[in-house]
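In what follows, a structure is listed as structure tokens, so that the remarks can point back to it.
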């Protein structure tokens, strides 16, 4: 398995990368390459030009009201960074393996938009943003307006993800991530992320999102709203789980039937909302 | 063809490569460093793991051109004039390999993990989830890495 021939440019800046991408409509940006190089090797993708972002100055983490994570920041680096949001830190060990996280990037995972990717799910749950730059300038995109379906986003041709922004944990905030995969590092069968805020002994601003059983990070509003304004008791968590299970419509696979995946989603939501509540104390 | 200059196992290398050449094939076919094994060529099996600027990576998921200006270490770098490295020696004592196909990749990832501190058994097992071994059942590999960790001098 070897890639088809292509040209290669190691961009030294975002401007250089954008100029190179504008030259060739079949150009593709490459960052960590942990999804793209396997696809190149299998010839599932055949770009004529690869624009390498590894030395384009996109590897900084900055805090300025929100945490701005450069697109080429390695997943392993963010995992060890104290500025990483606790929800994302809980999810990152589920991304690939120790060795692939050393190379894989945060922005690459977001731009790749695999429906079972953990980083997009966390970004949507925390209501972060995707920062993109292209021929038409720079824009900041809400996850709901970015992820369309598996491997498809609203990035325009020639446009690049240059960063993601993540809110800092708020007062009384509790978050939790749950995932089940057949083996550690495999694609998730189902995954769930929860964020809530505890105030006066009740849960507020509850957000429940699911991935892998959906084609993109998907809000489960019925489950979230059912928890609003009351303490999260085991019974309330079970009810939220049942609402979540009813809200997803996964396709069964040879490994797990649709009925099982729906049940699993409910169980993961039940666990995640209880843990997020405990952590919000 | 693109000119690249990098350091491989302490030796400076200058070569011209096609952009599509994978780092695995560059190491094996250009430099004759066949200790880096090629299994799945899509980042799953872990056999091709090498260190790139000190960090373990899948050499099948890195292009040789991307290693321009970098330092690459392969399994051939582990043993010194005195013989096997402490990690390799622990693998030998614990029978942590049988056919040996997966071993170079596991050694390089374990070497990276051990260089960052003293990993727990859980952290070792988690690291190994990215490496397919069909001979050992993993238990002797975990034991060997724990042994090498416990024999490390200093922090």
Along each principal axis, Cα extent of chain B, largest first, Å: 45, 32, 24
Taking the Cα of residue B:92, stepping 7 Å toward and past its beta carbon, and measuring to each backbone N in region B:119-155: which are under 19 Å? B:140-153
Quick calc, residue A:230 & residue A:127: beta-carbon distance into FRET formula, R0 22 Å, rounding 0.05, result 0.50
How many partner chain Cβ atoms sit within 10 Å of a residue's Cβ in peptide B:8-20, on average, as a whole number? 2
Separation of the residue A:154 and residue B:150 label points, Cα + 7 Å toward Cβ, nm: 5.7 nm
Give me the distance in nm between label points sitting 7 Å out from Cα along the Cα-to-Cβ direction at residue A:15 and residue B:11, one decimal. 4.2 nm
Could you quote the convex hull projected area for region B:2-75, Cα atoms only and averaged over all directions, in nm²? 4.1 nm²
Enumerate the residues in region A:12-33 having an amide nitrogen under 16 Å from the point lying 7 Å beyond the Cα of residue A:48 toward its Cβ. A:20-29
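As a test of the formula, what do you get for chain A when each DSSP H run with n ≥ 4 contributes -39,500 (n - 2.57) and the sum is divided by the residue count, at 222 nm and rounded to the nearest 500 deg cm²/dmol? Display every interim value, and only then the final one.
Details: 10 runs with 90 residues, N = 281.
Estimated from H runs of four or more residues: -9000 deg cm²/dmol.
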Over all viewing directions the Cα convex hull of region B:43-120 casts an average projected area in nm² of 6.1 nm²
For chain A, find the longest principal axis of its Cα atoms and tell me its angle to the long axis of helix A:258-279, 0 to 90°, nearest 10. 80 degrees
In whole percent, the Cα-Cα distances of region A:174-279 spread across 5 Å bins from 0 upward as 2, 15, 26, 25, 15, 9, 5, 2, 0, 0
Per residue, what volume in Å³ does the Cα convex hull of region A:61-167 take up? 91 Å³
Diffusion coefficient in µm²/s returned for region A:7-52 by Stokes-Einstein, Kirkwood Rh over C-alpha pairs, 10 °C and 1.306 mPa s, is 148 µm²/s
Shielding of A:91-98 by partners, i.e. mean partner chain Cβ atoms within 10 Å per residue? 4
Suppose each label sits 7 Å from its Cα in the direction of the beta carbon; what would the residue B:71-residue A:184 distance come out to in nanometres? 2.9 nm
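Report Rg(Cα)/(2.2 N^0.38 Å) for chain A, keeping two decimals.
That ratio works out to 1.02.
FYI, it's all coordinate maths here, none of it is from the lab. Owing to the predicted nature of the structure, the values given are computational and were not obtained by experimental measurement. So basically every Cβ, Gly included, is an ideal-geometry build from the backbone, and we count neighbours across all protein chains shown.
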